[in-house]
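Enquirer: For reference, the structure I am asking about is given below.
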Amino acid sequence: MSRAESWVLEESEVDPLGKVMRCTTKNLDHVKVMRVEEHIHIRQAEDGKTLQTTEAMFLSGFGWGLTKKIENYGLAKFKANLQRSREGFSIILDLIRQSRRQPMTMGVPSSFLVSHRILNDPDTQAPTRHDVPAASETRKDTSGNVPRNTTSGGAWTRVKSWLRVG
């Protein structure tokens, strides 16, 4: 671990009805030198803007007259990174807002288009089930039109095998 790294524990609580988010962050290492605890409270204001309140506590029990110097050093580093932290929250909030505007789809586009054509063709009977089998696991059904999956696990089996490493 480099000197610039630190392990922290962050607990987040979201209240979507109250439009409030609370985060608590504590350092897990270097606690003998200094303990840092940060509380962030984010809520929606009446005018629709986002308000963030941040409180931080720095405690050092190091002793030998260094306690205040260590705590002041922690406070100075915290102040220097506060704007960057708020910009990070702003980026995350923007990403969440953007993702809510995106339509959510299931399946791959080509499988949707094939099933869409089948369902809209008046001469074709609509299938009762739609599987997207792997290329090596397809066979024609009795009508010769709709490929079906021959494995019992279906798409989830392929996803699990794809996610396995090595």
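Each value in this text was obtained by applying a stated rule to the coordinates, not by laboratory testing. The shown structure was predicted, so the numbers you read here are calculated from the model rather than taken from an experiment. Heads up, the Cβs are rebuilt from the backbone with ideal geometry, glycines too, and the neighbour counts pull from every protein chain shown.
Enquirer: Compare the peptides 92-100, 73-81 by average per-residue count of other Cβ atoms within 10 angstrom and give them in order, highest first. Can you show the working numbers first?
Expert: Working: 92-100: 9.8, 73-81: 12.9.
Taking the mean over residues of other Cβ atoms within 10 Å, the ranking is 73-81, 92-100.
Enquirer: I need the calculated FRET efficiency for the pair LEU95 and LEU75, taking r as the beta carbon distance and R₀ as 22 Å, to the nearest 0.05. Present the calculation step by step, with values, prior to reporting the outcome.
Expert: Values: r = 30 Å, r/R0 = 1.37.
Efficiency for this residue pair is about 0.15.
Enquirer: Run the numbers for ARG84 and THR53: contour at 0.36 nm per residue of separation, minus the present Cα-Cα distance, in nm.
Expert: Values: separation 31, 0.36 × 31 = 11.16 nm, distance 1.47 nm.
So the extension gain works out to 9.7 nm.
Enquirer: First check a/c for segment 1-66, with a ≥ b ≥ c the square roots of the eigenvalues of its C-alpha gyration tensor; if it is under 1.5, answer rounded, and if not, answer prolate when a/b is larger than b/c or oblate otherwise.
Expert: Values: a/c = 3.39, a/b = 2.37, b/c = 1.43.
Prolate, since a/c reaches 1.5 and a/b exceeds b/c.
Enquirer: Just going by the charge dipole of segment 11-113, with Lys and Arg at +1 and Asp and Glu at -1 on Cβ, which of VAL14, GLN44, ALA80 is farthest out on the positive end?
Expert: Comparing the listed Cα positions along the dipole, ALA80 ranks first.
Enquirer: What FRET efficiency would be calculated for the residue pair ALA4, ARG43, taking the C-beta separation as r and a Förster radius of 45 Å, to the nearest 0.05? Walk me through the intermediate numbers first.
Expert: Values: r = 32 Å, r/R0 = 0.72.
The pair ALA4/ARG43 has a calculated efficiency of 0.90.
Enquirer: What is the local net charge at ILE91, summed over the other residues whose Cβ is closer than 13 Å to its Cβ (Lys, Arg +1; Asp, Glu -1)? List each step's numbers first, then the result.
Expert: Values: positive: ARG84, ARG86, ARG97; negative: GLU87, ASP94.
Summing Lys/Arg as +1 and Asp/Glu as -1 gives +1.
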